[in-house]
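Q: Here it is, the structure in full.
The values are calculated or read from the model by the stated rules, or taken from the named source; none is laboratory data. In this text, all values refer to a predicted model and were calculated from it rather than measured experimentally. With ideal geometry, Cβ positions are generated from the backbone for all residues, glycine too; neighbour counts draw on all protein chains shown. Accessible surface is based on the protein model in full, side chains and every heavy atom, while ligands, DNA and RNA are left aside. Shrake-Rupley method; radii C 1.70, N 1.55, O 1.52, S 1.80 Å.
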Amino acid sequence: MKLKSFLIIIFTSVATILAAQNTYQYTVDLTKVVDDKVFVELTSPKITTPEVTFYMPKIIPGTYAIADYGRFVSELKAFDKKGKTLDVTRIDDNSWKINNAKSLVKISYWIEDTFDTEQDGPEVFWPAGTNIEEGTNYVINSSGFFGYFEGMKTIPFELNIVRPTEFIGTTGLIPTASNLTLTSAKLEKKSSDDKKRVDRFKTENYDELVDSPLMYNKADTAVIQVANTEVLIGVYSPTGKITAKQISESIGEVLMAQKDFLGGKLPVDKYAFIFYFTTQPIMSYGALEHSYSSFYFMPEMGIEDMNQQLRDFAAHEFFHIVTPLTIHSEEIGDFDFNDPKMSQHLWMYEGVTEYFAGLVQVKYDLISPEQYLQILNEKMMTADQFPDDLPFTELSKYTLDKYHDDYYNVYMKGALIGLCLDIKLMELSKGKYNLQQLMQDLSLKFGKDKAFNDDELFDIITKMTYPEIGDFFTKYVKGPESLPIQELLQKVGIDYTKEQKFKDFTMGIGNENIGVTQIEGKQKLQIANDQLDAFGKQLGFQKGDVLIKMNGETIPDLGPDLGNFIGRQRSLLQEGKSFSYTVLRAKEGGELEEVELSAPAQQVELSRRHVLNFMNDLTEEQKELQIAWLRP
């Protein structure tokens, strides 16, 4: 017995040493910023090959666009245990070859952030970016800070964040240790700096690390308990206009509705909403989903101006805990960060998720049924801007290259695919089975650690449901046919008209011919093309005109006040009454001059597309399916 116990102790000690050798140990010090960069050190896992390649990601899941995060790395050095440098050759933007790699014990480099970079290369999607704002805010999307060795993506990672004492981190990760002093963390010998603390996190592999963004700034957090899940909300708002408490009150009802929608229990114990607000003028903003968190990059404005948008964003991103967390293909489950293979199923990852984000709000009375029809109308209108005959599986598989410009359609036509599939399932089951239940069944069949074969998903779903569902996928998702929207909406008591002619006043401009330009650092509306309606032509607009006044009143810069201003001016339109603009127009030499334009308001022939209305007289079958569709 004693001998056996002694051997167990030996083997346990050896196992502990081997485990330490097979772990990445990263340290980043947020208290030391030089030229808008921070220093990163990696204590390397044991390398067993003569040379090894160190990678930063080219792309990450959920973005479907090249980022080339390695561009932001500089002065990468490799060291042996005596502190001697090893030979390092940079292969391309995202990879470095290290020679004599068996001697490698440490790598160090400086990392620059993406938010205000001047680096050449593709623009990094803001919610997937990084920020280093000394003493103010740090956004750590791990893909932009930390790399991995070739063939060693599946071993554990330890992350040590040295932070200012007054800063806290918002993340979906659960720390293994927090608020450590530098001496107790053993990161610096004989240091007693009480202005610094260390947070320590561990992940099972690189995929989990990249799936776990962190944000550090002075505390502004709130917590909502949603069933079994602790939901953390962390906010950075430069002027303090938006607070975590306000956001928690805004999205709380949606989260509770989603909990009920998903059956009362969620597949995660902790979830983090990470919000970064900016006062800078921006052309685009958005959010990025992760398994245990989501990151939001948004313009800073009053909570009353963004309540519904917050709910829409939060509902979409939170639903990603279903897919791709518990339902995903092998391409997503074992993502190749530097030579990605894309899945065919964006219709499900993004489309069904977006469909559910609207459906949950109408099911649980957060929006009215009429408001929900308006959401569907807007998706149909936006989908019209993309080719309708492009098979959705093709769009998905080649979204990084030849169909990159069509990607946004996954949130439009993708959601409409979800709508049609949902109604089709309810029709075939007489209201007893729907898309919500199908996704629950797929979650049980696969789950977080089991991926499906990309080519087999349609057959799997068909076997789980009805042969007609296989025909639906063949025609409308794998094939080029237009979705049978009119036919299916009629089954749930919705009257659909593809196009309806009418007459109304216009302001001479519309979404199809308006653009944005910068004048003296401010974003202004501009006539983008010659596609003017009759009133716009009568006013005398020209391509390139910059709009600065309406009826003598200065037009606000692009922002939350602009919509209210335009709405008020539109209310002044009356038949025959003069309506005027002041524009900046370029003269021959390029100099801008003010030009006054005016004309009597007139009604012009317009068309409404995708008109949706609830029918008055429903059959019993339509009533039952409408209730199954729009009620819990």
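Q: Report yes if some residue within the stretch 509-521 is modelled with pLDDT under 95 and crowded, with 19+ Cβ neighbours inside 10 Å; otherwise report no.
A: Checking the stretch 509-521: at least one residue is modelled with pLDDT under 95 and crowded, with 19+ Cβ neighbours inside 10 Å.
Q: At pLDDT 95 or above and within 30 Å of Phe319 (Cα to Cα): which single residue out of Ala78, Ala67 fits that description?
A: None of the other options fit; the residue is Ala67.
Q: Out of the stretch 20-77, which residues are over 16 Å from Ser142 (Cβ atoms), of a type in the set (Asp, Glu) and either in contact with a helix residue (DSSP H, G or I) (Cβ under 9 Å, 6 or more places away or on another chain) or open to solvent by 60 Å² or more (accessible area, probe 1.4 Å) (or both)?
A: The answer is Asp35, Glu51, Glu75.
Q: Can you pull out the residues in the stretch 602-612 that are at pLDDT below 90 and either polar (S, T, N, Q) or surrounded by 14 or more Cβ atoms within 10 Å (Cβ to Cβ) (or both)?
A: Selection gives Gln602, Gln603, Val604, Leu606, Ser607, Arg608.
Q: Look at the stretch 115-148 and say how many of its residues are buried (at least 20 other Cβ atoms within 10 Å of the Cβ), over 18 Å from Thr203 (Cα atoms) and touching a helix residue (DSSP H, G or I) at 6+ places or on another chain (Cβ under 6 Å).
A: Total meeting the criteria: 1.
Q: With the structure loaded, tell me whether Val268 is in contact with a Lys or Arg (Cβ under 6 Å, 6 or more places away or on another chain), open to solvent by less than 10 Å² (accessible area, probe 1.4 Å) and either over 18 Å from Asp220 (Cα atoms) or not β-branched (Val, Ile, Thr) (or both) or whether it fails that test.
A: no
Q: May I pose another question? Filter the stretch 337-372 for residues that are assigned to a helix (DSSP H, G or I) and small (Gly, Ala, Ser) and give the result.
A: Gly351, Ala357, Gly358
Q: Can you tell me how many residues in the stretch 543-582 are within 20 Å of Glu512 (Cα to Cα) and open to solvent by less than 20 Å² (accessible area, probe 1.4 Å)?
A: Qualifying residue count, the stretch 543-582: 9.
Q: Quick one: is Asp384 of a type outside the set (Val, Ile, Thr), open to solvent by 20 Å² or more (accessible area, probe 1.4 Å), touching a strand residue (DSSP E or B) at 6+ places or on another chain (Cβ under 8 Å) and over 27 Å from Gly264 (Cβ atoms)?
A: In short, yes.
Q: I want to confirm something. Restricting to the stretch 149-186 and keeping residues that are in a loop (DSSP other than H, G, I, E, B) and basic (Lys, Arg), which single residue is least open to solvent (accessible area, probe 1.4 Å)?
A: Only one residue tops the list, namely Lys153.
Q: Can you name the number of the only condition in (1) open to solvent by less than 50 Å² (accessible area, probe 1.4 Å); (2) closer than 24 Å to Leu325 by Cβ; (3) among the small types (Gly, Ala, Ser); (4) assigned to a loop (DSSP other than H, G, I, E, B) that Ala257 fails?
A: Among (1) open to solvent by less than 50 Å² (accessible area, probe 1.4 Å); (2) closer than 24 Å to Leu325 by Cβ; (3) among the small types (Gly, Ala, Ser); (4) assigned to a loop (DSSP other than H, G, I, E, B), the lone unmet condition for Ala257 is (4).
Q: Tally time: how many residues in the stretch 238-248 are in contact (Cβ under 8 Å) with a residue 60 or more places away in the chain and either acidic (Asp, Glu) or buried (at least 20 other Cβ atoms within 10 Å of the Cβ) (or both)?
A: The total comes to 2.
Q: I've got another one for you. Please enumerate the residues belonging to the stretch 350-387 that are more than 16 Å from Phe313 (Cβ to Cβ), under 19 Å from the mean Cα position of the chain (by Cα) and among the polar types (S, T, N, Q).
A: Thr382
Q: Of the residues Glu331, Glu317, only one is over 17 Å from the mean Cα position of the chain (by Cα) and either part of a helix (DSSP H, G or I) or of a type in the set (Phe, Trp, Tyr) (or both); which?
A: Glu331
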